[in-house]
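Accompanying notes for the structure given below.
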Amino acid sequence: MLEFFNTLATQSFLQNALLGGILASIGCGLTGSFVVVNRIGYMAGGIAHSVLGGMGIAYYLGLNPFAGALVAALLAAIIIGVIKLKWQHQEDTTIGAIWAVGMAIGIIFISKSDGYNTNLMSFLFGNILIISDEQLFIMLLLDIITIIFVAIFYKQLVAISFDIEFAIVRAINVNLFYLLLLCLIAITVVLLIQVVGLILVIALLTLPAAIAKQYVHSIGMMMLLASVLGMIFTSTGLFVSYEPDLPAGATIILVAGIAYFISSLAKSFIRFK
Amino acid sequence: MTKAAIEITDLNFSIENLSILENINMTIEQGDFAGLVGPNGGGKTSLIKLILGLYKPQSGKISIFGEPVKSQRKAIGYVPQYANFNNDFPISVQDTVLQGRLGVSSCFGRYCREDKVIAQKVMQETEVFDLAQRSIQSLSGGQMQRVLVARALAAEPEIMLLDEPTANIDQRAEKDIFDIFKAINERMTILIISHDIAFVSDYINKVFCLNKTLVCHDSTPVTSDTIHKLYGGHVSEVHHHH
Ligand SMILES: Nc1ncnc2c1ncn2[C@@H]1O[C@H](COP(=O)(O)OP(=O)(O)OP(=O)(O)O)[C@@H](O)[C@H]1O
Ligand SMILES: [Mg+2]
């Protein structure tokens with residue numbers, strides 16, 4: 001147990017891991033709250049998984065996979081958003097298609113590159129222990145973009161999430177804000193991939209926010225609480241996984257899942273007492 | 001001459017080839033307290049959504065103060081028939097009412113002092129001020145409807161469109177809330193949908209009966225004959241109980 005703290009004090013990889021978890025938690029608290037109240041976890045899942053396509057292509061071309069991820073995520077967000085807004089009834093199928101096709105493209109390109117297995121595994125499940133200083137800086141940048149955007153358009157984002165018809169009546173450009181919200185999700189997904197990998201992104205995006213929702217009466221408070229919970233889960237997961245050498249991403253999700261389970265149970269227990 | 005608050009000419013509306021409204025012509029003048037009545041499925045909600053620009057008509061024209069709806073959104077307040085949101089949404093009564101300030105507030109970013117002052121004023125008017133900090137999950141149906149009225153009033157509109165705002169409200173409270181409408185009618189035009197013709201007739205100065213087409217309009221006296229035509233019988237005549 002002490003070993004974790006000793007290493008933390010001396011080794012930059014573990015410091016970076018802890019910091020990476022904290023930075024990712026900020027994004028997941030802010031955006032995750034909107035995913036939960038809009039009930040668009042499936043949509044976020046589509047964006048997250050299709051990202052593999054972009055990562056694969058970038059990796060194959062020798063470019064930074066995270067740049068590829070960001071481009072793919074934004075592209076998927078816009079396609080899904082436009083389809084949702086124009087052809088409501090086909091939403092499910094389209095998201096499923098984008099989800100699978102994105103992954104297929106990624107796997108094909110990665111298989112044609114060197115280091116097939118290790119890279120695929122780290123894209124899918126993340127590797128929090130190899131976050132570089134540069135990546136931390138990019139994460140910080142993405143966090144700042146998210147915070148500024150949410151701070152400026154908080155009331156519009158809440159309004160379209162709450163009652164889209166009333167938002168139209170109040171002259172809000174709901175299509176524009178809906179697309180921007182999906183782009184925000186895309187950015188957050190990329191932010192989270194290094195920490196837990198793209199398969200587990202949705203859990204980290206939704207679980208802290210879903211727990212927070214059980215205790216607060218405003219989206220703002222929900223964001224704050226979800227961010228703090230995210231920080232606790234990533235740090236705890238990292239700590240628990242370190243000595244037995246468990247995969248950190250999976251351990252973080254397990255911690256979040258257990259917390260969600262306990263919180264829901266406690267909540268319903270209180271209600272029925 | 002002042003412009004009509006709402007003017008509808010030769011309006012036809014259908015959804016997926018199913019005709020919903022046919023050949024509607026109606027005028028609501030500024031200061032009117034107009035009632036829109038008719039059977040279930042008669043097209044009342046559709047008509048209000050057309051006025052709001054939420055639906056597009058196949059043909060015909062709707063103008064608000066002589067302009068197209070899109071440029072007049074600021075002037076319209078809307079209380080929907082059904083709440084369009086999830087009841088477990090984490091939001092307080094005050095923040096819900098503040099949403100009425102969107103599109104009219106002069107403040108950028110967060111809601112400002114002026115918005116909050118107006119929200120408090122309309123919450124007092126609709127008697128939900130004591131609930132301001134409560135979450136909407138905890139409200140009763142009637143309290144919720146008052147909150148929705150407050151949200152619409154917060155825009156300080158010139159026209160209020162109310163779609164059965166008293167459906168969940170008990171009879172004593174219904175009278176209270178209509179007295180509130182009566183008071184706000186001093187400063188704005190009202191179009192209200194209601195099933196309780198007898199009750200609203202004490203308040204309104206104009207009635208439109210809608211069953212796909214306008215069966216009666218403006219100031220044609222509502223006789224048992226028109227009601228018969230509208231509902232197909234078995235409805236008691238309008239009683240004025242002054
Ligand atoms: N989105 C829709 N898709 C298909 N049909 C619709 C839709 N909305 C309304 N309709 C149809 O349009 C007709 C008019 O509906 P509308 O809701 O305007 O009636 P209403 O007069 O408000 O009825 P109520 O008194 O029950 O509220 C109904 O036949 C309804 O089935
Ligand atoms: Mg209706």
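Okay, here's what the table says:
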quantity	calculated
Test set (1) within 14 Å of ligand 1 (Cβ to nearest atom); (2) touching a Phe, Trp or Tyr at 6+ places or on another chain (Cβ under 6 Å); (3) at pLDDT below 95 - B:Lys49 fails condition number	(3)
Selected residue (criterion: farthest from the other protein chains (Cβ to nearest Cβ)) from residues of the stretch A:157-170 that are surrounded by 21 or more Cβ atoms within 10 Å (Cβ to Cβ) and of a type outside the set (Val, Ile, Thr)	A:Leu157
Any hit, the stretch A:12-30, residues being exposed (fewer than 15 other Cβ atoms within 10 Å of the Cβ) and at negative phi	yes
So A:Phe177, is it within 26 Å of B:Pro68 (Cα to Cα), within 14 Å of chain B (Cβ to nearest Cβ) and within 20 Å of the chain's Cα centre (by Cα)	yes
Residues located in the stretch B:116-143, provided they are in contact (Cβ under 8 Å) with a residue 24 or more places away in the chain and buried (at least 18 other Cβ atoms within 10 Å of the Cβ)	B:Ile118, B:Ala119, B:Val122, B:Met123, B:Thr126, B:Val128, B:Leu131, B:Ala132, B:Ser135, B:Ile136, B:Leu139
Residue count for the stretch A:59-79, restricted to those that are without any contact (Cβ under 8 Å) to a residue 12 or more places away in the chain and part of a helix (DSSP H, G or I)	1
Every pair of residues 6+ apart whose Cβ atoms lie under 8 Å, when the first sits in the stretch B:161-173 and is in contact (Cβ under 8 Å) with a residue 40 or more places away in the chain while the second is away from ligand 2 (no atom under 14 Å from the Cβ) and of a type in the set (S, T, N, Q)	B:Pro165/B:Gln145; B:Ala167/B:Gln145
Elements of type strands (runs of 3 or more DSSP E) in the stretch B:14-109, at least 2 residues being within 14 Å of chain A (Cβ to nearest Cβ), within 16 Å of ligand 2 (Cβ to nearest atom) and surrounded by 20 or more Cβ atoms within 10 Å (Cβ to Cβ)	B:76-79
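Yes/no per residue for (1) touching a residue at least 40 places away in the same chain (Cβ under 8 Å); (2) farther than 15 Å from A:Phe166 by Cβ; (3) away from ligand 1 (no atom under 16 Å from the Cβ):
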position: B:Thr9; (1), (2), (3): yes, yes, yes
position: B:Met26; (1), (2), (3): yes, yes, no
position: B:Glu29; (1), (2), (3): yes, yes, yes
position: B:Gly53; (1), (2), (3): no, no, no
position: B:Ile64; (1), (2), (3): yes, yes, yes
position: B:Lys74; (1), (2), (3): yes, no, yes
position: B:Gln81; (1), (2), (3): yes, no, no
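A quick yes/no check of all residues on (1) farther than 20 Å from A:Ile40 by Cβ; (2) more than 14 Å from chain B (Cβ to nearest Cβ); (3) touching a residue at least 24 places away in the same chain (Cβ under 8 Å):
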position: A:Leu129; (1), (2), (3): yes, yes, yes
position: A:Ile152; (1), (2), (3): yes, no, no
position: A:Ile172; (1), (2), (3): no, no, no
position: A:Ala186; (1), (2), (3): no, yes, yes
position: A:Val190; (1), (2), (3): no, yes, yes
position: A:Ile193; (1), (2), (3): no, yes, yes
position: A:Val196; (1), (2), (3): no, yes, yes
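The values are calculated or read from the model by the stated rules, or taken from the named source; none is laboratory data. No experiment lies behind these values; they were computed from the predicted model shown. We place every Cβ from the backbone using ideal geometry, glycine too, and count neighbours over all the protein chains shown.
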